[in-house]
Amino acid sequence: MRNLIDIKELTIEEIEELIKVAQDIINNREKYSHKCDGKKLATLFFEPSTRTRLSFEAAMMELGGNVLGFSAASSSSTAKGESVSDTIRTVGCYADIIAMRHPKEGAPLVAAQKSVVPIINAGDGGHNHPTQTLTDLLTIKSEKKRLDNLTIGLCGDLKFGRTVHSLITAMSRYKNIRFILISPKELEIPEYLKKEVLEKNNIKWCETRDIEEYMGELDILYMTRVQRERFFNEEDYLRLKDYYILNKEKLEKAKEDLCIMHPLPRVNEISTDVDDDRRACYFKQVEYGKYIRMALILKLLEVE
Ligand code: CP
(Lines give C-alpha, C1' and ligand atoms only; values in the text may rest on other atoms or scores of the structure.)
Protein backbone atom coordinates (compact mmCIF):
# COMPACT_ATOMS: atom_id res chain seq x y z
CA MET A 1 0.00 0.00 0.00
CA ARG A 2 1.36 3.42 -1.00
CA ASN A 3 0.83 6.74 0.80
CA LEU A 4 1.87 10.21 -0.31
CA ILE A 5 3.38 12.15 2.57
CA ASP A 6 6.33 13.87 0.85
CA ILE A 7 6.83 14.60 -2.85
CA LYS A 8 10.24 12.83 -2.63
CA GLU A 9 8.38 9.51 -2.35
CA LEU A 10 7.48 9.77 -6.05
CA THR A 11 10.18 9.14 -8.65
CA ILE A 12 10.51 11.45 -11.64
CA GLU A 13 9.08 8.63 -13.77
CA GLU A 14 6.04 8.30 -11.49
CA ILE A 15 5.46 12.06 -11.66
CA GLU A 16 5.70 11.92 -15.47
CA GLU A 17 3.14 9.11 -15.46
CA LEU A 18 0.76 11.06 -13.16
CA ILE A 19 1.05 14.10 -15.44
CA LYS A 20 0.34 11.94 -18.49
CA VAL A 21 -2.74 10.40 -16.85
CA ALA A 22 -3.98 13.86 -15.74
CA GLN A 23 -3.59 15.17 -19.29
CA ASP A 24 -5.45 12.13 -20.61
CA ILE A 25 -8.26 12.75 -18.09
CA ILE A 26 -8.49 16.38 -19.31
CA ASN A 27 -8.96 15.13 -22.88
CA ASN A 28 -11.14 12.07 -22.15
CA ARG A 29 -13.29 12.85 -19.11
CA GLU A 30 -15.97 10.23 -19.84
CA LYS A 31 -13.41 7.40 -19.97
CA TYR A 32 -12.65 7.95 -16.28
CA SER A 33 -16.14 8.59 -14.95
CA HIS A 34 -16.68 5.11 -13.44
CA LYS A 35 -13.11 4.18 -12.50
CA CYS A 36 -13.84 4.51 -8.77
CA ASP A 37 -17.43 3.28 -8.64
CA GLY A 38 -18.11 1.98 -5.13
CA LYS A 39 -14.96 3.57 -3.63
CA LYS A 40 -14.93 6.19 -0.87
CA LEU A 41 -12.52 9.04 -0.17
CA ALA A 42 -12.42 10.61 3.31
CA THR A 43 -11.22 14.21 3.58
CA LEU A 44 -10.04 14.91 7.14
CA PHE A 45 -9.23 18.61 7.38
CA PHE A 46 -8.03 19.74 10.79
CA GLU A 47 -7.11 23.10 9.20
CA PRO A 48 -9.09 25.37 6.80
CA SER A 49 -9.05 24.77 3.05
CA THR A 50 -11.04 25.62 -0.04
CA ARG A 51 -9.09 24.28 -3.03
CA THR A 52 -7.41 21.18 -1.65
CA ARG A 53 -10.44 19.71 0.08
CA LEU A 54 -12.95 20.58 -2.61
CA SER A 55 -10.68 19.50 -5.46
CA PHE A 56 -10.11 16.13 -3.78
CA GLU A 57 -13.86 15.74 -3.34
CA ALA A 58 -14.61 16.84 -6.93
CA ALA A 59 -11.85 14.51 -8.16
CA MET A 60 -13.36 11.47 -6.43
CA MET A 61 -16.87 12.37 -7.60
CA GLU A 62 -15.67 12.72 -11.21
CA LEU A 63 -14.18 9.24 -10.91
CA GLY A 64 -17.57 7.87 -9.86
CA GLY A 65 -16.70 7.48 -6.17
CA ASN A 66 -18.17 8.98 -3.01
CA VAL A 67 -16.76 11.29 -0.34
CA LEU A 68 -17.14 11.73 3.40
CA GLY A 69 -15.24 13.66 6.03
CA PHE A 70 -14.99 16.85 8.04
CA SER A 71 -13.67 20.32 7.30
CA ALA A 72 -12.69 21.44 10.82
CA ALA A 73 -11.23 19.71 13.86
CA SER A 74 -13.99 21.35 15.92
CA SER A 75 -16.67 19.29 14.17
CA SER A 76 -14.90 15.97 14.82
CA SER A 77 -14.15 14.03 18.01
CA THR A 78 -10.71 15.69 18.02
CA ALA A 79 -12.55 18.40 19.96
CA LYS A 80 -13.19 15.76 22.68
CA GLY A 81 -9.52 14.82 22.83
CA GLU A 82 -9.31 11.92 20.35
CA SER A 83 -5.81 11.29 18.96
CA VAL A 84 -4.92 11.43 15.25
CA SER A 85 -4.06 7.71 15.38
CA ASP A 86 -7.48 6.72 16.74
CA THR A 87 -9.25 8.98 14.23
CA ILE A 88 -7.35 7.36 11.37
CA ARG A 89 -8.05 3.80 12.56
CA THR A 90 -11.72 4.71 12.79
CA VAL A 91 -11.97 6.36 9.36
CA GLY A 92 -10.13 3.39 7.81
CA CYS A 93 -13.26 1.34 8.64
CA TYR A 94 -15.38 3.64 6.43
CA ALA A 95 -13.17 4.81 3.56
CA ASP A 96 -10.78 3.34 0.96
CA ILE A 97 -8.40 6.32 0.92
CA ILE A 98 -7.85 9.39 3.16
CA ALA A 99 -6.69 12.92 2.32
CA MET A 100 -5.65 14.69 5.49
CA ARG A 101 -4.58 18.24 6.37
CA HIS A 102 -3.22 19.02 9.83
CA PRO A 103 -1.55 22.07 11.43
CA LYS A 104 1.13 19.84 13.05
CA GLU A 105 4.13 18.98 10.91
CA GLY A 106 4.48 15.21 10.64
CA ALA A 107 0.87 14.41 11.59
CA PRO A 108 0.10 12.71 8.22
CA LEU A 109 3.23 10.58 8.64
CA VAL A 110 2.03 9.42 12.07
CA ALA A 111 -1.39 8.75 10.52
CA ALA A 112 0.16 6.68 7.73
CA GLN A 113 1.90 4.45 10.29
CA LYS A 114 -1.48 3.53 11.81
CA SER A 115 -3.63 3.47 8.70
CA VAL A 116 -5.00 0.44 6.87
CA VAL A 117 -5.83 2.60 3.82
CA PRO A 118 -3.60 5.00 1.81
CA ILE A 119 -3.00 8.43 3.37
CA ILE A 120 -2.42 11.55 1.29
CA ASN A 121 -0.80 14.54 2.99
CA ALA A 122 -2.99 17.50 2.04
CA GLY A 123 -0.67 19.93 3.88
CA ASP A 124 1.05 19.61 7.28
CA GLY A 125 1.83 22.88 9.06
CA GLY A 126 4.70 24.79 7.48
CA HIS A 127 6.27 21.55 6.24
CA ASN A 128 4.98 19.98 2.99
CA HIS A 129 2.10 20.05 0.53
CA PRO A 130 2.86 17.33 -2.05
CA THR A 131 -0.45 17.46 -3.95
CA GLN A 132 -0.06 21.22 -4.44
CA THR A 133 3.34 20.41 -5.92
CA LEU A 134 1.82 17.84 -8.28
CA THR A 135 -0.66 20.57 -9.26
CA ASP A 136 2.23 22.99 -9.84
CA LEU A 137 4.17 20.47 -11.91
CA LEU A 138 1.15 19.74 -14.12
CA THR A 139 0.63 23.50 -14.53
CA ILE A 140 4.27 24.11 -15.47
CA LYS A 141 4.38 21.13 -17.84
CA SER A 142 1.12 22.17 -19.52
CA GLU A 143 1.95 25.87 -19.79
CA LYS A 144 5.72 25.75 -20.50
CA LYS A 145 5.85 22.28 -22.15
CA ARG A 146 8.86 21.34 -20.05
CA LEU A 147 10.01 20.78 -16.47
CA ASP A 148 13.70 21.52 -17.09
CA ASN A 149 15.69 24.59 -18.20
CA LEU A 150 13.64 27.00 -16.11
CA THR A 151 14.42 30.07 -14.02
CA ILE A 152 11.88 30.09 -11.20
CA GLY A 153 11.26 33.07 -8.92
CA LEU A 154 9.67 32.17 -5.59
CA CYS A 155 8.34 35.20 -3.76
CA GLY A 156 6.86 35.93 -0.33
CA ASP A 157 6.83 33.64 2.68
CA LEU A 158 9.54 31.13 1.86
CA LYS A 159 10.05 30.22 5.52
CA PHE A 160 6.64 28.83 6.43
CA GLY A 161 5.35 28.30 2.88
CA ARG A 162 4.93 24.53 2.61
CA THR A 163 4.04 24.78 -1.09
CA VAL A 164 7.41 26.42 -1.74
CA HIS A 165 9.28 23.76 0.25
CA SER A 166 7.69 20.92 -1.69
CA LEU A 167 8.14 22.69 -5.04
CA ILE A 168 11.86 23.37 -4.47
CA THR A 169 12.34 19.72 -3.49
CA ALA A 170 10.54 18.50 -6.60
CA MET A 171 12.08 20.90 -9.15
CA SER A 172 15.62 20.33 -7.85
CA ARG A 173 15.53 16.92 -9.55
CA TYR A 174 15.19 18.39 -13.05
CA LYS A 175 18.03 19.63 -15.28
CA ASN A 176 19.19 23.23 -15.39
CA ILE A 177 16.81 24.70 -12.84
CA ARG A 178 17.70 28.05 -11.27
CA PHE A 179 15.83 29.50 -8.29
CA ILE A 180 15.53 33.20 -7.47
CA LEU A 181 14.39 33.36 -3.84
CA ILE A 182 12.61 36.64 -3.18
CA SER A 183 11.69 37.29 0.45
CA PRO A 184 12.25 39.55 3.43
CA LYS A 185 15.15 38.43 5.67
CA GLU A 186 12.71 37.06 8.27
CA LEU A 187 10.97 34.80 5.72
CA GLU A 188 13.93 33.23 3.90
CA ILE A 189 13.75 29.49 3.14
CA PRO A 190 14.85 27.22 6.03
CA GLU A 191 18.54 26.29 6.25
CA TYR A 192 17.78 22.57 5.86
CA LEU A 193 16.41 23.21 2.35
CA LYS A 194 19.48 25.23 1.37
CA LYS A 195 21.84 22.51 2.62
CA GLU A 196 19.99 19.29 1.95
CA VAL A 197 18.28 20.17 -1.30
CA LEU A 198 19.85 23.16 -3.09
CA GLU A 199 23.52 22.63 -2.19
CA LYS A 200 23.38 18.85 -2.28
CA ASN A 201 21.95 18.90 -5.82
CA ASN A 202 24.26 21.70 -7.04
CA ILE A 203 21.27 23.87 -7.90
CA LYS A 204 21.88 27.46 -9.02
CA TRP A 205 20.09 29.85 -6.66
CA CYS A 206 20.30 33.33 -5.23
CA GLU A 207 18.39 35.46 -2.75
CA THR A 208 17.06 38.97 -3.18
CA ARG A 209 14.68 41.32 -1.38
CA ASP A 210 13.70 43.05 -4.64
CA ILE A 211 10.91 41.46 -6.71
CA GLU A 212 11.95 43.45 -9.81
CA GLU A 213 15.68 42.69 -9.72
CA TYR A 214 15.50 39.46 -11.78
CA MET A 215 12.02 39.94 -13.28
CA GLY A 216 13.26 39.92 -16.89
CA GLU A 217 14.99 36.53 -16.43
CA LEU A 218 12.08 34.56 -14.96
CA ASP A 219 10.16 31.78 -16.73
CA ILE A 220 7.97 31.21 -13.67
CA LEU A 221 7.05 33.64 -10.90
CA TYR A 222 5.53 31.76 -7.97
CA MET A 223 3.89 34.20 -5.56
CA THR A 224 2.89 33.18 -2.03
CA ARG A 225 0.85 34.64 0.80
CA VAL A 226 2.38 35.78 4.08
CA GLN A 227 0.48 33.41 6.36
CA ARG A 228 -0.99 35.02 9.45
CA GLU A 229 -1.67 31.59 10.99
CA ARG A 230 2.05 30.70 11.10
CA PHE A 231 3.18 33.81 13.01
CA PHE A 232 3.61 33.84 16.78
CA ASN A 233 3.53 37.61 16.84
CA GLU A 234 0.79 39.75 15.22
CA GLU A 235 3.15 42.75 14.95
CA ASP A 236 5.59 40.80 12.75
CA TYR A 237 2.73 39.66 10.53
CA LEU A 238 1.42 43.22 10.10
CA ARG A 239 4.92 44.49 9.25
CA LEU A 240 5.54 41.82 6.60
CA LYS A 241 2.12 41.09 5.11
CA ASP A 242 2.28 43.65 2.29
CA TYR A 243 6.03 43.41 1.65
CA TYR A 244 5.39 42.27 -1.94
CA ILE A 245 2.44 43.29 -4.07
CA LEU A 246 2.74 42.21 -7.70
CA ASN A 247 1.03 44.63 -10.07
CA LYS A 248 1.14 45.50 -13.79
CA GLU A 249 3.91 48.04 -13.30
CA LYS A 250 6.23 45.48 -11.68
CA LEU A 251 5.70 43.18 -14.66
CA GLU A 252 6.99 45.71 -17.18
CA LYS A 253 10.32 43.94 -17.67
CA ALA A 254 8.86 40.41 -17.48
CA LYS A 255 9.08 37.96 -20.38
CA GLU A 256 6.10 37.67 -22.72
CA ASP A 257 5.75 34.00 -21.82
CA LEU A 258 6.24 34.35 -18.06
CA CYS A 259 3.94 32.02 -16.11
CA ILE A 260 2.62 33.70 -12.93
CA MET A 261 1.56 31.12 -10.37
CA HIS A 262 0.15 31.21 -6.85
CA PRO A 263 -1.15 28.25 -4.80
CA LEU A 264 -3.91 30.56 -3.46
CA PRO A 265 -5.60 31.81 -1.36
CA ARG A 266 -4.35 35.29 -2.24
CA VAL A 267 -4.69 38.23 0.10
CA ASN A 268 -2.87 41.33 -1.25
CA GLU A 269 0.24 39.88 -2.86
CA ILE A 270 -1.12 39.93 -6.43
CA SER A 271 -3.11 42.98 -7.40
CA THR A 272 -6.38 42.08 -9.16
CA ASP A 273 -5.24 44.14 -12.17
CA VAL A 274 -2.87 41.24 -12.97
CA ASP A 275 -5.76 38.73 -13.23
CA ASP A 276 -6.54 39.71 -16.83
CA ASP A 277 -2.91 39.45 -17.93
CA ARG A 278 -2.54 36.37 -20.15
CA ARG A 279 0.53 35.40 -18.10
CA ALA A 280 -1.60 34.94 -14.95
CA CYS A 281 -1.94 31.16 -14.53
CA TYR A 282 -3.20 30.88 -10.95
CA PHE A 283 -6.83 30.09 -11.73
CA LYS A 284 -5.80 27.57 -14.40
CA GLN A 285 -3.57 26.10 -11.68
CA VAL A 286 -6.69 25.57 -9.52
CA GLU A 287 -8.29 23.52 -12.30
CA TYR A 288 -5.18 21.46 -12.94
CA GLY A 289 -5.29 20.57 -9.22
CA LYS A 290 -8.45 18.53 -9.66
CA TYR A 291 -7.09 16.51 -12.58
CA ILE A 292 -3.77 15.63 -10.97
CA ARG A 293 -5.61 14.56 -7.80
CA MET A 294 -7.81 12.30 -9.94
CA ALA A 295 -4.64 10.72 -11.34
CA LEU A 296 -3.19 10.35 -7.83
CA ILE A 297 -6.33 8.69 -6.42
CA LEU A 298 -6.24 6.17 -9.31
CA LYS A 299 -2.59 5.43 -8.64
CA LEU A 300 -2.92 4.94 -4.87
CA LEU A 301 -6.07 2.83 -5.24
CA GLU A 302 -4.23 0.81 -7.90
CA VAL A 303 -7.04 1.34 -10.41
CA GLU A 304 -5.99 0.53 -14.00
N1 CP B 1 -3.52 25.85 -2.26
C2 CP B 1 -4.19 25.44 -1.18
O3 CP B 1 -3.73 24.57 -0.44
O4 CP B 1 -5.38 26.07 -0.97
P5 CP B 1 -6.39 25.76 0.19
O6 CP B 1 -5.72 26.16 1.49
O7 CP B 1 -7.62 26.56 -0.09
O8 CP B 1 -6.65 24.27 0.18
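The values are calculated or read from the model by the stated rules, or taken from the named source; none is laboratory data. Treat the numbers as computed from the prediction; the structure is a model and nothing was measured. We place every Cβ from the backbone using ideal geometry, glycine too, and count neighbours over all the protein chains shown. Calculation scope for accessible area: heavy atoms of the full protein, side chains included, ligands and nucleic acids excluded. Shrake-Rupley method; radii C 1.70, N 1.55, O 1.52, S 1.80 Å.
The phi-based Karplus calculation (6.51 cos²θ - 1.76 cosθ + 1.60; θ = phi - 60°) puts the 3J(HN,Hα) values of the stretch 147-159 at 10, 10, 6, 10, 9, 10, x, 10, 10, x, 8, 8, 7 Hz, whole numbers, x for Gly and Pro. Straight-line cross-link reach from K255 at under 29 Å between alpha-carbon atoms covers these lysines, not counting any fewer than eight positions away in the same chain: K20, K141, K144, K145, K159, K175, K185, K194, K204, K241, K284, K290. Size descriptors for the stretch 127-244: radius of gyration and Dmax over Cα atoms are 13.8, 42 Å.
Whole-Hz Karplus values for the stretch 268-283 come out as 10, 6, 10, 5, 5, 6, 7, 4, 8, 5, 5, 7, 6, 10, 5, 7 Hz, taken residue by residue from phi with 6.51 cos²θ - 1.76 cosθ + 1.60 and θ = phi - 60°; glycine and proline positions read x. In percent, rounded to a whole number, the relative contact order of the stretch 19-88 is 32, using alpha-carbon pairs under 8 Å and six or more apart. Computed from Cα positions, the angle between helix 162-171 and the longest principal axis of the chain comes to roughly 80 degrees.
For the stretch 207-296, the relative contact order works out to 33 percent when only alpha carbon pairs closer than 8 Å and six or more residues apart are counted. Per-residue extension of 0.36 nm, minus the Cα-Cα distance of M61 and E252, leaves a gain of 64.5 nm for this segment.
The share of Cα pairs per 10 Å bin across the stretch 65-186, counted from zero up to the longest distance, runs 12, 36, 27, 19, 6, 0 percent.
The distance linking the stretch 108-126 with the stretch 142-164 is 24 Å (Cα centroid to Cα centroid, whole angstrom). Summarised as an ellipsoid, the chain has semi-axes of 31, 23, 18 Å, derived from the eigenvalues of the Cα gyration tensor scaled by 5 and square-rooted, with the largest first. Calculated mean residue ellipticity at 222 nm for the chain: -9500 deg cm²/dmol, from DSSP H runs with n ≥ 4 weighted as -39500 (n - 2.57), summed, divided by the residue count and rounded to 500. Averaged over its residues, the stretch 173-214 has an accessible area of 57 Å² per residue, based on protein heavy atoms and a 1.4 Å probe. Surface composition of the stretch 15-121: carbon and sulfur make up 50 percent of the accessible area, probe 1.4 Å. Applying 1/(1 + (r/R0)^6) with r as the Cβ-Cβ distance of N176 and K80 and R0 = 41 angstrom yields a FRET efficiency of 0.20.
The angle separating the long axis of helix 12-27 from the principal Cα axis of greatest extent in the chain is about 80 degrees. Computed on the stretch 177-234, the Cα convex hull volume stands at 100 Å³ per residue.
Principal-axis analysis of the Cα atoms of the chain puts helix 51-62 at an angle of about 50° to the longest axis. Taking the empirical scaling 2.2 N^0.38 Å for compact globular proteins as reference, the stretch 218-304 has a Cα radius of gyration ratio of 1.37. So what is the relative contact order for the chain, in percent, with contacts set as C-alpha pairs under 8 Å and at least six apart? So the answer I get is 20 percent.
Given R₀ = 51 Å, FRET efficiency for D37-I12 by Cβ-Cβ distance, to 0.05? The formula returns an efficiency of 0.95 here.
Using a probe of 1.4 angstrom and keeping all protein chains present, the accessible surface of the stretch 1-96 works out to 51 square angstrom per residue.
What is the stretch 186-268 by shape, rounded, prolate or oblate, if you read a ≥ b ≥ c off the alpha carbon gyration tensor as root eigenvalues and call it rounded for a/c under 1.5, prolate for a/b larger than b/c, and oblate otherwise? Cα axes put the stretch 186-268 in the oblate bin.
Each peptide in 293-301, 147-155 gets a packing score, the mean of other Cβ atoms within 10 Å over its residues, and the list from highest to lowest is 293-301, 147-155.
Annotation note: GluC sites (Glu not before Pro) in the stretch 18-113 located in DSSP loop regions with a Cβ neighbour count of at most 14 within 10 Å are E82, E105.
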